[in-house]
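**Student:** I am attaching a structure below and will ask some questions about it afterwards.
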Amino acid sequence: MPHSVSPEADSSNAVAEETMADAPVNDGVGQETDNDITMAETDALPVAANVEDKKDVKLEDLFADVESDDEFPSSRPVKDEFSSSPAAAASPMDGAVPMKASDPELLRIFYQRFFPWRYLFQWLNHSPTPTNDFVHREFAFTLQSDIYLRYQSFPSSDLLRKDVLRQLPTRFEIGPVYTTNPRDRKTLRNASAFKPLAKELCFDIDLTDYDDIRTCCDKANICHRCWRFITMAVKVVDVALREDFGFKHILWVYSGRRGAHAWVCDKKARMMDDQKRRAIAGYLEVIRGGAQSGKKVNVWRPLHPHLSRSLKILAPHFETDVLASQDPWADSTRAEHLLSLLPDKTLNESLRRKWDSSPGRGSASKWADIDAVAKSGASKNLDAAALRDAKQDVVLEYTYPRLDIEVSKKRNHLLKSPFVVHPGTGRVCVPIDTRRLEEFDPLGVPTVHELLEEIDSWSGGGGEGRGEKDAADKEEAEAGDEKEREKAKSGGNLQDWEKTSLKPYVEYFRSFVLTLMKDERDPKVKREREESEAMEF
């Protein structure tokens, strides 16, 4: 990192980046973990495509307004075995024991009736008509039996949807665009010809990496207080990616439990090689070392402009969300860690005596004591500049984003798709509107069970569910094509997600995708696409 002083070379990283595990590591948590890791090919045979899959797909059929509800039209009473209505004989909602979020029947209803297949296709395809950006894209399925299927690919969104409904994975992940169809990789004469060409630049932030500084929760547990760390991280990373690197299309997605993922979708980001990805990841990495390590921030002085800007963003959060809300130095053990980060031993001894004499002293008071005791002349040899720098490092250690940079370094890393259901919490992995970042409530995100209840109670009138959007949102949602605007005006033929609290999240995703596709149609971007396709094997 250009603004970081590394105490010692990390020689293990070079080796680690050259190897990939054959399957996800089973750490006892199972599918409830949010970690997405790079994995090499498993020996599982690719799913055989039906003969009908090879037929040409008509564009009008692919993008029909009700394409995600053909089998279960949402505008008419549903009388099939997959209905979520209590009146249906085979409804999974019947019975006293609630179903798990990973239950196949529950997932079948969700994928059939609520998942925004059309917009997912447009997001990954970057065009209304199929291109290699989608056709050569890798998907990976985690099946109910913990079988992990990599190198799945599909000619259209409809075939992806059909295969998901057939196999009902507990989740699926998105990988890179390859030089050829991933299903055909073993037919190549030259195996080295199969390699990743493009992938969104991704970032992963997980609250378990904050366990040494958050006092309200630990491990997989979260609350509104510790979610503020994610809010801080999103602000810092988002502004750096936009202002320092010029990226425009950045999609933030809630992981479903305790974190957030960033997808940088700009053409220039997707086409970056691994070396450039490592460079950007290193640029953003400031916190180094695990929970048991000492000083985690070592940066050059004067501060890099990125860090100076980050401190301005994080300073208010440090006062309210760290000192007041988390009270990180309430106990003596944590207070000792704070003292270890200060540069003067004499000052530390004076502070330690003061705090020992006041056992209930809060973290905000202890933080103020540092300057007060320093000004009192407790240490004659105190270096004021060194103390200022040390305090800045403390603020960074307790507020700066803690990134899993391995997610960002390689194009062949897979990451969980937006809008899948987290198998542990049942929450949908919805996009986060950064314009309303402070309002995002991870505990208020709709669950698959709540969506079924909402669709059953929908009366056809208002009933839009929790999180109804205001006038500004409606204007943005109407930025789609003419058919969708007419449909919204008439109020007829609504898709099921439009009748639930999932609506604002899908509409935000739709507006993001429309803006991305508009930029992709720019002549300069189109020329870059043609040049990259000409280089394919």
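**Student:** Let me confirm something: among V395, V430, V407, which residue is crowded, with 19+ Cβ neighbours inside 10 Å, modelled with pLDDT of 95 or more and in contact with an Asp or Glu (Cβ under 8 Å, 6 or more places away or on another chain)?
**Tutor:** On the way: V395 fails: in contact with an Asp or Glu (Cβ under 8 Å, 6 or more places away or on another chain); V430 fails: in contact with an Asp or Glu (Cβ under 8 Å, 6 or more places away or on another chain).
Result of the check over V395, V430, V407: V407.
**Student:** Would you point out which residue out of L159, L124 is more than 20 Å from the chain's Cα centre (by Cα) and aliphatic (A, V, I, L, M)? Steps first, please.
**Tutor:** On the way: L124 fails: more than 20 Å from the chain's Cα centre (by Cα).
Only one candidate qualifies: L159.
**Student:** If you don't mind, another one. Could you list, in sequence order, the residues of the stretch 325-356 that are aromatic (F, W, Y) and open to solvent by less than 10 Å² (accessible area, probe 1.4 Å)?
**Tutor:** First, the residues of the stretch 325-356 that are aromatic (F, W, Y): 329, 355.
Selection gives W329 alone.
**Student:** Hey, can you tell me all the residues within the stretch 357-382 that are more than 23 Å from I213 (Cα to Cα), open to solvent by 20 Å² or more (accessible area, probe 1.4 Å) and touching an Asp or Glu at 6+ places or on another chain (Cβ under 7 Å)?
**Tutor:** Within the stretch 357-382, just L382 meets the criteria.
**Student:** Among the candidates A191, A233, A220, single out the residue that is at negative phi and open to solvent by less than 10 Å² (accessible area, probe 1.4 Å). Working first, answer last.
**Tutor:** Working: A191 fails: open to solvent by less than 10 Å² (accessible area, probe 1.4 Å); A220 fails: open to solvent by less than 10 Å² (accessible area, probe 1.4 Å).
So the residue among A191, A233, A220 that is at negative phi and open to solvent by less than 10 Å² (accessible area, probe 1.4 Å) is A233.
**Student:** Related question: Filter the stretch 140-185 down to the residues that are among the polar types (S, T, N, Q) and assigned to a helix (DSSP H, G or I), then identify the one that is most open to solvent (accessible area, probe 1.4 Å).
**Tutor:** Taking the stretch 140-185 and keeping what is among the polar types (S, T, N, Q), we get 142, 144-145, 152-153, 156-157, 167, 170, 179-181.
Filter once more, keeping what is assigned to a helix (DSSP H, G or I): 157, 167.
Numbers: S157: 4, Q167: 36 Å².
So, considering only residues that are among the polar types (S, T, N, Q) and assigned to a helix (DSSP H, G or I), the one most open to solvent (accessible area, probe 1.4 Å) is Q167.
**Student:** Return the residue satisfying two criteria in turn: it lies in the stretch 279-324 and is modelled with pLDDT of 95 or more and hydroxyl-bearing (S, T, Y), and of such residues it is surrounded by the most Cβ atoms within 10 Å (Cβ to Cβ).
**Tutor:** S310
**Student:** Which pairs turn up if I take residues in the stretch 305-318 that are in contact (Cβ under 8 Å) with a residue 60 or more places away in the chain and look for partners that are of a type in the set (S, T, N, Q) with beta carbon separation below 6 Å, at least 6 apart in sequence or on another chain?
**Tutor:** L314/T399; H317/T399; F318/T399
The values are calculated or read from the model by the stated rules, or taken from the named source; none is laboratory data. None of the values given here were measured: they were computed from a predicted structure. Don't worry about glycine lacking a Cβ; one is built from the backbone with ideal geometry, like all the others, and counts go over all protein chains shown. Surface accessibility is based on the protein's heavy atoms, side chains included, excluding ligands, DNA and RNA. Shrake-Rupley method; radii C 1.70, N 1.55, O 1.52, S 1.80 Å.
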